[in-house]
1. Give the residue that is modelled with the lowest pLDDT, with candidates limited to residues of the stretch 39-52 that are buried (at least 17 other Cβ atoms within 10 Å of the Cβ) and in a helix (DSSP H, G or I).
2. Only one of (1) surrounded by 20 or more Cβ atoms within 10 Å (Cβ to Cβ); (2) at positive phi is not met by Asp136, so which one is it?
3. Enumerate the pairs (first residue in the stretch 184-213 and within 30 Å of Ala266 (Cβ to Cβ) and free of Cβ contacts under 8 Å to residues at least 12 places away in the same chain; second residue anywhere and of a type in the set (Phe, Trp, Tyr) and crowded, with 16+ Cβ neighbours inside 10 Å) with beta-carbon separation below 7 Å, excluding pairs fewer than 6 apart on the same chain, so at least 6 apart or on different chains.
4. Of the residues that sit in the stretch 45-79 and are without any contact (Cβ under 8 Å) to a residue 12 or more places away in the chain and not charged (D, E, K, R), which one is nearest to Lys134 (Cα to Cα)?
Amino acid sequence: MQQDERIIFDRVCWRKRRARTAVGFGTVNFMKMEAAERLAERLEDISRRFPTALDLGCHQGELARALAGRGGIETLVQAEITPEFLPSEGVRVVCDDEWLPFGAETFDAVFSVLSLHWTNDLPGALIQARRALKPDGLFMAILPGARTLQELRQCLADAECEVEGGISPRVSPFVEVRDAGGLLQRAGFALPVIDSELVRISYPHALALMHELRAMGETNALMSRRRHFSRRATLLRAVELYQERYANEEGRVEATVELITLTGWAPHASQQQPARRGSGKVNLGDALKSIT
């Protein structure tokens, strides 16, 4: 049977792995906490209150802790696809971020931190998030960008090609900055804003990075992945290449994480609108002449 090309991730496999990592996730959730803090800081710059908000893909409540006492949020609904991850306190719901169970115009804000990159239909998930927002409601999400784990991706590809004579999909595809704005517009959001930040993390060696990714539940769950264990020689060669190329002065290797922040608003008549085409009163050529 031919595989549906729209199905990128094996979400059954992914959910099982996440369930296994739930118990120890608190020891490796530093990136989730960092991204949650960054979202909370951005929210402080918005002079609005959001009484009822949704945290889509809440993990163990990292965003709730970051937002405590900030952002004018009275009720934060924490949604999570993996029951084992649900926090022990607050308003909680088990749901799939690809099939949101909420009615139209339910929330004043929808947030998501490092979760939506595992959806097979990201445009569809964004459309559902926009539908769940009240008019002029805020959507803000942080996703890993295309430069995330670029060092590991390249070393694994080169090692596999060298040892096995070919390469296989090992690292998930991530959103490109240039595509993110189009995704928000396609989903019907107004006033889209996209920005990107790079975070660099160091490890004693590449195996420590791979071990941490496994503990986070962030390992390969592509439908097109190989269904058997990687060769030991391939992994060891990838570790060697990583050390040769990316070790710092202390001998530790560095990994890049790109955090892309997507911000958009549910449409509302009060929002600033672009001028009607042809309504300008000054000729562009005359305006350019005046500044030369």
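1. Restricting attention to the stretch 39-52, the residues satisfying the condition of being buried (at least 17 other Cβ atoms within 10 Å of the Cβ) are 39-40, 43, 50.
Imposing the further condition that a residue be in a helix (DSSP H, G or I) reduces the set to 39-40, 43.
Values: Leu39: 96, Ala40: 95, Leu43: 92.
So, considering only residues that are buried (at least 17 other Cβ atoms within 10 Å of the Cβ) and in a helix (DSSP H, G or I), the one modelled with the lowest pLDDT is Leu43.
2. (1)
3. Filtered contacts from the stretch 184-213: no entries.
4. First, the residues of the stretch 45-79 that are without any contact (Cβ under 8 Å) to a residue 12 or more places away in the chain: 45, 47, 68-69.
Those still in the list that are not charged (D, E, K, R) too: 47, 68-69.
Details: Ser47: 17, Ala68: 23, Gly69: 23 Å.
Selected residue: Ser47.
The values are calculated or read from the model by the stated rules, or taken from the named source; none is laboratory data. Being a predicted model, the structure only gives us computed values, none of them experimental. Reconstructed Cβ throughout: ideal geometry from the backbone, glycine too, with neighbour counts over all protein chains shown.
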